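Structure first, then comments.
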Amino acid sequence: MVHKITNGIEIELTADELAEYNAKQTAWNNASADRKLAQIKSLRLERLIETDYLANSDVTMPDNIKTWRQSLRDIPSNHTDEDAYDILLARDSDGKLTHSIWSKP
């Protein structure tokens, strides 16, 4: 049960208070996931921009780069929850992203 402290006394939340508390928790969790997804999309865009020159008509893009770029574009559909976002955003002790998707082939 969730409790609140009023005048130094611990009181159990009413059904309405509990519903409001749960709604706020859900909104906070969703906002956190939305922020993480926005950060992932920003990182993805940086990687795509770095290799955009390979998409010019006078350059033949290697198959491994095509596959990697498609994997980057598929991130939102293949990674759909906050746990997956945490894995994608994990960094080593030097601050470098550790997930293999961020490494250009």
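The values are calculated or read from the model by the stated rules, or taken from the named source; none is laboratory data. None of the values given here were measured: they were computed from a predicted structure. Positions of Cβ are generated from backbone atoms using ideal geometry, with glycine treated the same way; all protein chains shown enter the neighbour counts. All accessible areas refer to the heavy atoms of the entire protein, side chains included, with ligands and DNA or RNA removed. Shrake-Rupley method; radii C 1.70, N 1.55, O 1.52, S 1.80 Å.
Here are the numbers:
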| quantity | calculated |
| --- | --- |
| Segment 87-97, residues that are open to solvent by less than 70 Å² (accessible area, probe 1.4 Å) and within 20 Å of D34 (Cβ to Cβ) | L88, L89, A90, L97 |
| Of residues in segment 54-69 being in a helix (DSSP H, G or I) and open to solvent by 30 Å² or more (accessible area, probe 1.4 Å), the one nearest to P105 (Cα to Cα) | N64 |
| Neighbours by Cβ (under 8 Å, 6+ apart or cross-chain): first from segment 76-96, outside any helix (DSSP H, G or I); second open to solvent by 70 Å² or more (accessible area, probe 1.4 Å) | H79/I87; A90/T98; R91/T98; D92/T98 |
| Matching residues in segment 30-50 - criterion: being modelled with pLDDT of 90 or more, among the polar types (S, T, N, Q) and surrounded by 12 or more Cβ atoms within 10 Å (Cβ to Cβ) | Q39 |
| Qualifying residue in segment 6-15 (condition: free of Cβ contacts under 8 Å to residues at least 24 places away in the same chain and part of a helix (DSSP H, G or I)) | yes |
